[in-house]
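Structure first, then comments.
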Amino acid sequence: MAVFFTADTHFGDAHILRQRGGRYPGIEAHDEALIARWNAVVSESDEVWHLGDFAGHADPAHCAAVFDRLNGVKRLVRGNHDSNRVLRLPWADPPVESARVTVRAADGQSCRLFLAHYAHRAWPGLWRGTRHLFGHTHATLPDTTRSCDVGIDAWDDAPVSLAAITARQDAATLVPEELARDAGRGG
């Protein structure tokens with residue numbers, strides 16, 4: 001079983017088409033493409049953490065129909081557009097506002113993560129190597145060596161693996177401010 005992360009799918013939300021830069025001619029094409037991209041990388045036994053904004057402005061029946069078509073064991077960190085139509089879906093666990101989890105990386109090492117819909121400048125465990133994954137920003141914030149946006153706008157419209165996330169964070173040049181500040185002081 002692999003673990004994937006994503007955010008900001010905005011299923012059923014025609015307003016998101018402007019933000020997606022004309023990649024889709026309509027919301028139906030948008031939703032179908034995102035479902036196909038999701039299912040191309042996620043198997044039925046994989047786990048997916050959705051970091052908010054699963055759907056927006058869609059009726060509950062549409063939300064449920066999309067949810068049922070998506071592979072994987074799905075968990076939700078609530079986003080600002082996730083109202084009851086999303087919160088009532090059959091998530092593996094009740095939706096949360098944020099989560100601190102430990103995931104086994106492909107190399108067998110444990111990786112501590114702080115998951116939230118919103119980007120944080122500092123987060124629990126930052127000083128102990130905890131990485132921060134978030135959504136909401138639609139790929140507008142630069143990655144740091146310990147944080148990045150896992151939304152579909154930042155990852156080719158698909159959920160992303162931990163290996164890809166850590167590789168991108170490891171290649172980032174920006175250091176979280178708290179770490180950079182104290183590195184300049186010698187510790």
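The values are calculated or read from the model by the stated rules, or taken from the named source; none is laboratory data. Quick caveat, the model's predicted, so the values are computed rather than measured. Cβ atoms come from the backbone with ideal geometry, glycine included; neighbour counts cover every protein chain shown. Side chains are part of the model used for accessible areas, which takes the heavy atoms of the whole protein and leaves out ligands, DNA and RNA. Shrake-Rupley method; radii C 1.70, N 1.55, O 1.52, S 1.80 Å.
Between residue 128 and residue 140, the distance separating the two model label sites (each 7 Å from Cα on the Cα→Cβ line) works out to 3.4 nm. Note that the chain presents 47 Å² accessible area per residue, ligands and nucleic acids not counted, probe 1.4 Å.
Its convex hull of Cα atoms gives the range 3-184 a direction-averaged projected area, equal to a quarter of the hull surface, of 10.1 nm².
In a reduced charge model with +1 at each Lys and Arg Cβ and -1 at each Asp and Glu Cβ, the chain shows a dipole moment near 560 debye about its Cα centre.
On the accessible surface of the chain, probed at 1.4 Å, how many percent belong to carbon and sulfur atoms?
Solvent-exposed carbon and sulfur of the chain make up 52 percent of the total.
Using only the Cα atoms of the range 91-164, build the gyration tensor, take square roots of its eigenvalues as a ≥ b ≥ c, and label the shape rounded, prolate or oblate: rounded if a/c is under 1.5, else prolate if a/b is larger than b/c, else oblate. Walk me through the numbers before you get to the answer.
On the way: a/c = 1.21, a/b = 1.18, b/c = 1.02.
The shape class here is rounded.
The calculated FRET efficiency for residue 62 paired with residue 181, based on their beta-carbon distance and R0 = 45 Å, is about 0.45.
Model label points for residue 69 and residue 28, set 7 angstrom from Cα along the Cα-to-Cβ axis, are 1.1 nm apart.
Think of it as helices only: each DSSP H run of n ≥ 4 in the chain is worth -39500 (n - 2.57), and spread over all residues that comes to -7500 deg cm²/dmol at 222 nm. Which loop-located GluC sites (Glu not before Pro) does the range 14-69 contain, where loop means any DSSP state but H, G, I, E or B and the Cβ has at most 12 other Cβ atoms within 10 Å? Taking the range 14-69 and a limit of 12 other Cβ atoms within 10 Å, the loop GluC sites (Glu not before Pro) found are 44.
Each DSSP beta bridge with both residues in the range 3-184 is either parallel or antiparallel, and the antiparallel ones are about 35%.
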